[in-house]
Every structure is written in structure tokens, then in C-alpha cells.
Amino acid sequence: MESSEHQQLHACLNCQSETSGTYCANCGQKASTHRYSLLHFMEHDLIHGVWHVDKGVLFTVKELILRPGDSVREFIQGKRVGFFSFVTLIILLLAISSLVAPFAKIHLADIMPLNSKQAVSAYEDFATKYPKIIMLILIPLYSSFSYFWFKKAKLNYSEHLVLNSYKTAVELILALLFTIVTIFYTHIPTLLIFYYVFIAIGGFLYSIWFYNQFFTGYGYSRTSKLLRAIMIPVSYLVFSMAIGFIMALIKLIN
């Protein structure tokens, strides 16, 4: 019996500690670590890895669509099993968008009115080159607005960053869907309607629903909560218009 147990002991490939279980008791690495091969990569790492990522992604996306504010509030309060990391989700969506973008036959600048094309093209050019900077700017900015309008909730700024990161992930999904549509459909007037109805208006209404649902239970009346939820995207619109006006003024002076 002792010899049988002794034979089951082997060295962990990560920390060299002797282990006999499924996982190393010292470092936590799985005991059945195989040498990489093409077959192992295809059968285990690629298929198994994508499957497990998909389960987390699909669950998180479903929650963000069906009960966005409630699910993110529960996540922040500690109910995190099964929820996909907001950082990983955003990186994954940006990566997919980068892969899909070259196949798009129509870009946002192509469907905008002539007087808006120059500004939209400049934005698209910047967003293509520096997508992480765009995310770093928008998420903290929205977090500042949500922090201001819902101060009584007493969430710290980091928690506002988390909730706005998940909201931004949904906006990235909407943008990705629009890009995919432009691969197969190129009728500009219809795409313009699709953009305004499903992306612009849809994203605006989703933001209000998200914030209104998230801040349930923090001591706000229904009317106050709804008005404050509306004021977050409105604050961003006013801020972006002010920045646009300042940039136009600077360009005019120069």
C-alpha cells in the first residue's frame, strides 16, 4: 500500500514540489501538464480554451443584455462566479473588432453627411490607431459623471470604473455588430438609419436603463434615479459638444 502511494507521487513541473493530487498543493498548477504538441494544442488548448472562454463570455453578455445594471451591481458586491472579467472582455472585443474591420466595405465616415465626414474620418483614424487611448478616456470620463450624479450611493471611483467598463463592453458589441453588417450590406441610406436607431439611440437608451437599474437600492426615489441616469449620457454629450466647439474655435483662430 505504501509503495502504491509512493508511486503516485511526482514532482510538480512548476515548483518541483512532490504532489499526488490533481493540483499541486504548493502552487496550484494542474498535475497533468502535458508537453505541447500540435494534436494537444488543437484538442485541448484551442478547443477547450475557447469553449471555457465562450461560456464565460456568453453568460456575461446575456446578463449585460437582459439585466445589465442588476448583474453588474451584484458583481461589484461580490457575486463574481461565472462573470467574465471586464478587462479581458474589452480586450477580447477590441481584438475581434480589429480582425473584422478590414473586411468592412463601408465605414462610418462613408454614411455621414458631407459636413460631418471630416470630423468622423479624423475620429476613425485616431480610434483605429489608438483604441486603448479611446477606452482610457471614455471609461474614466463616464465614471466621473456617474460618480458625480450618484454620490449618495457612496461607491468609490474604482467601482464606477468597473460598472462603466461593462457598459462600454456592450457599446463595443453594438459597434462590432454594425461593422459585421457593413461586410454584407452596403446600402448607405439604410445603414445610416441602422446606425442612428440601433447604435446611437439604442446605445443612449441602454445607458439610461443600465444606470437606472444599477443604482436601485441606493436610496434614490424612482424619479430622482431616472433623472440622474439620464443626466450621465447627457453630461457626456454636453462635454463632447463643448470640446468640439473649443477645437473648432482654435482651428478658426489658427
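A few comments on the model shown:
- Those residues of the range 136-152 which are part of a helix (DSSP H, G or I), touching a residue at least 24 places away in the same chain (Cβ under 8 Å) and surrounded by 18 or more Cβ atoms within 10 Å (Cβ to Cβ), in sequence order: Ile139, Tyr142, Phe145, Ser146, Trp149
- When the residues of the range 230-240 are filtered to those that are aliphatic (A, V, I, L, M) and without any contact (Cβ under 8 Å) to a residue 40 or more places away in the chain, the one that is farthest from Leu66 (Cα to Cα) is Val238.
- Scanning the range 174-191 for residues that are more than 21 Å from the chain's Cα centre (by Cα) and surrounded by 15 or more Cβ atoms within 10 Å (Cβ to Cβ) turns up Thr182, Leu191.
- Per-region count, the range 196-223, residues open to solvent by less than 50 Å² (accessible area, probe 1.4 Å), in a helix (DSSP H, G or I), touching a residue at least 40 places away in the same chain (Cβ under 8 Å) and not polar (S, T, N, Q): 4
- Failed condition for Arg80, given (1) in a loop (DSSP other than H, G, I, E, B); (2) modelled with pLDDT of 85 or more: (2)
- Restricting the first member to the range 62-76 and to residues that are within 11 Å of Tyr166 (Cα to Cα), and the second to residues that are of a type in the set (Phe, Trp, Tyr) and open to solvent by 20 Å² or more (accessible area, probe 1.4 Å), the beta-carbon pairs closer than 7 Å and six or more apart or on different chains are Pro68/Trp209; Phe75/Phe83.
The values are calculated or read from the model by the stated rules, or taken from the named source; none is laboratory data. Owing to the predicted nature of the structure, the values given are computational and were not obtained by experimental measurement. Glycine gets a Cβ as well: all are built from the backbone with ideal geometry, and neighbour counts include every protein chain shown. Heads up: the accessible areas ignore ligands, DNA and RNA and are worked out on the full protein's heavy atoms, side chains in. Shrake-Rupley method; radii C 1.70, N 1.55, O 1.52, S 1.80 Å.
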